[in-house]
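One structure is given below, encoded as structure tokens.
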Amino acid sequence: MFRAQWMFELAPGVSSSGLEPLPCRASSRGPGVKSVDARGKQEIAKEEKAKELFLKAVEEEQNGALYEAIKFYRLAMQLVPDIEFKITYTRSPDGDGVGKRCVEDNKEDDKMADLLSDFQQQLTLQESSVKLCQPEVDVSQTHISALPMEVLMYIFRWVVSSDLDLRSLEQLSLVCRGFYICARDPEIWHQVCLKIWGRSCNKLVPYASWREMFLERPRVRFDGVYISKTKYIRQGEQSLDGFYRAWHQVEYYRYLRFFPDGQVMMLTTPEDPQSIVPRLRTKNTRTDAILLGHYRLSQETDNQTKVFAVIMKKKEEKPMDYHKYRYFLRVPAQETDHSFHVGLQLCSSGRQRFNKLVWIHHSCHITYKSTGETAVTTFDIDKMYTPLFFARVKSFTAFSEKPL
């Protein structure tokens, strides 16, 4: 009996009387447990705060605010140094909907990719009497929707024209669903690619469609002019009295206009673009200083697209002056053919694509007709050969001469 009472009193949390808990033992354990719990909550709160700051930094970096992003990155890593490996990017800070917006953007992209098939399916499910497009209001005249599909496609080929005006085709596709389907016709885009790259575009891989090939594959642009401006200071001759020497500021432009049939025009002149660009609208120009030639696109092993052109100097027809050399024999001048070989690298600059041409080669070839010999002069590509930048000209595609 005594032993049992003694063991009962030694049990934790029981006083000698067995009626009240021991306050000393309870007080000795309570503060330790509470401190551990408080420390754990602080660590969790610190990690959550670090995650919030890190996600905020990611958002600022995506918006282009790099200075603000660095500030939030630094605050997050001061709280938790390895926060980058603990975050999962599944939610945005404060639940501001950044993650939801990303998901919605992906859905919109998928929706745009399936827009053509969606329109085709809608027209298929409609009644057979419903045509490709319908007028918004009742009209007494014949609507364009009454035309057969073959005639509509022929009109679309006139819109594209032989100048490959694909911008007008894209604008036409915004009219209605039926025009959108016609503007995405693979045959139109296939013919466009054949006119640009020739036999080298027989295979569609790695592109999903001919339209994607036209948009993504490097090419020169036809709806404008590539222009470069060169400016330098040249030292003049010293005055007769030797007190001063003149300095001249030389400024001139280079113009390059490409055509879908493989022809190119080149002009070097001090006249500004406002007066020169209208003369470059057609190949049948009367400007004598314009050089005509042919070009080709070449994709090298370094995955860079280059443009090579051979431009010929126009032949000058000089009238024979019989009266001046009537009484003595005139030695005729040796006839020669001049051609310029140009090499350019096609690049993209800023938001526009394929709008920059960088010089990589320029040489002059003089062929003597009497002997057949050719003299080649290669020019050094220095700062005088400034890059050519593309400028779109609306008047170049304002009229269609021939269909695609």
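What are the pairs, 6+ residues apart or on separate chains, where a residue within the range 253-269 that is outside any strand (DSSP E or B) has its Cβ under 6 Å from a residue that is surrounded by fewer than 15 Cβ atoms within 10 Å (Cβ to Cβ)?
Hits for this filter: G262/H294.
Listed residues V205, V220; which is within 18 Å of D165 (Cβ to Cβ), of a type in the set (V, I, T) and outside any helix (DSSP H, G or I)? Working first, answer last.
On the way: V205 fails: within 18 Å of D165 (Cβ to Cβ).
Of V205, V220, the one residue that is within 18 Å of D165 (Cβ to Cβ), of a type in the set (V, I, T) and outside any helix (DSSP H, G or I) is V220.
Scan the range 162-189 for residues that are open to solvent by 30 Å² or more (accessible area, probe 1.4 Å) and among the hydrophobic types (A, V, I, L, M, F, W, C) and jot them down.
L172, L174, V175, C176, I181
Restricting to the range 233-252, count the residues that are open to solvent by 70 Å² or more (accessible area, probe 1.4 Å) and not aliphatic (A, V, I, L, M).
Going through the range 233-252 one residue at a time, the tally reaches 11.
Does K314 satisfy the criteria of being modelled with pLDDT under 75, more than 41 Å from the chain's Cα centre (by Cα) and among the charged types (D, E, K, R)?
For K314, the condition - modelled with pLDDT under 75, more than 41 Å from the chain's Cα centre (by Cα) and among the charged types (D, E, K, R) - is not met.
Identify, from the list V192, V205, V220, the residue that is farther than 22 Å from Y154 by Cα, of a type outside the set (D, E, K, R) and crowded, with 19+ Cβ neighbours inside 10 Å.
Details: V192 fails: farther than 22 Å from Y154 by Cα; V205 fails: crowded, with 19+ Cβ neighbours inside 10 Å.
After applying the criteria, what remains is V220.
Condition check ((1) in contact with a Cys (Cβ under 6 Å, 6 or more places away or on another chain); (2) farther than 24 Å from R257 by Cβ; (3) free of Cβ contacts under 8 Å to residues at least 40 places away in the same chain) across all residues:
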site: L194; (1), (2), (3): no, no, yes
site: W210; (1), (2), (3): yes, yes, yes
site: P218; (1), (2), (3): no, no, no
site: G224; (1), (2), (3): no, no, no
site: S228; (1), (2), (3): no, no, no
site: L240; (1), (2), (3): no, yes, yes
site: F243; (1), (2), (3): no, yes, yes
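Quick one: which residue in E47, E104, E108 is modelled with pLDDT of 60 or more and of a type in the set (D, E, K, R)?
Numbers: E104 fails: modelled with pLDDT of 60 or more; E108 fails: modelled with pLDDT of 60 or more.
Sole residue among the options that is modelled with pLDDT of 60 or more and of a type in the set (D, E, K, R): E47.
Looking at R234, R177, R167, R184 in this structure, which one is closer than 30 Å to H294 by Cα and basic (K, R)? Break it down into steps so the answer makes sense when it comes.
Numbers: R234 fails: closer than 30 Å to H294 by Cα; R177 fails: closer than 30 Å to H294 by Cα; R184 fails: closer than 30 Å to H294 by Cα.
Of the residues listed, the single one that is closer than 30 Å to H294 by Cα and basic (K, R) is R167.
Can you tell me which of L169, L123, L116, L174 is hydrophobic (A, V, I, L, M, F, W, C), modelled with pLDDT of 75 or more and assigned to a helix (DSSP H, G or I)?
Values: L123 fails: modelled with pLDDT of 75 or more; L116 fails: modelled with pLDDT of 75 or more; L174 fails: assigned to a helix (DSSP H, G or I).
Selected residue: L169, the only one of L169, L123, L116, L174 that is hydrophobic (A, V, I, L, M, F, W, C), modelled with pLDDT of 75 or more and assigned to a helix (DSSP H, G or I).
Residue by residue through the range 362-403, note down the ones that are open to solvent by 50 Å² or more (accessible area, probe 1.4 Å), in a strand (DSSP E or B) and closer than 26 Å to K195 by Cβ.
Those that are open to solvent by 50 Å² or more (accessible area, probe 1.4 Å), in a strand (DSSP E or B) and closer than 26 Å to K195 by Cβ: F389, R392.
On the basis of being surrounded by fewer than 15 Cβ atoms within 10 Å (Cβ to Cβ), in contact with a Cys (Cβ under 8 Å, 6 or more places away or on another chain) and either β-branched (V, I, T) or modelled with pLDDT of 75 or more (or both), does H338 make the cut?
Values: surrounded by fewer than 15 Cβ atoms within 10 Å (Cβ to Cβ): yes; in contact with a Cys (Cβ under 8 Å, 6 or more places away or on another chain): yes; either β-branched (V, I, T) or modelled with pLDDT of 75 or more (or both): yes.
For H338, the condition - surrounded by fewer than 15 Cβ atoms within 10 Å (Cβ to Cβ), in contact with a Cys (Cβ under 8 Å, 6 or more places away or on another chain) and either β-branched (V, I, T) or modelled with pLDDT of 75 or more (or both) - is met.
Where the second residue is of a type in the set (G, A, S) and open to solvent by less than 30 Å² (accessible area, probe 1.4 Å) and the first is in contact (Cβ under 8 Å) with a residue 24 or more places away in the chain and under 30 Å from Y154 (Cβ atoms) and lies in the range 378-404, which pairs have Cβ atoms under 6 Å and are six or more apart or on separate chains?
Correct list of pairs: R392/G224; V393/G224; S400/S161; K402/S162.
The values are calculated or read from the model by the stated rules, or taken from the named source; none is laboratory data. Remember, predicted model here, so these are calculated numbers, not experimental data. All Cβ positions, even for glycine, are placed from backbone atoms using ideal geometry, and neighbour counts span all protein chains on display. Each accessible area value is taken on the protein alone, full model and side chains, heavy atoms only, with ligands, DNA and RNA left out. Shrake-Rupley method; radii C 1.70, N 1.55, O 1.52, S 1.80 Å.
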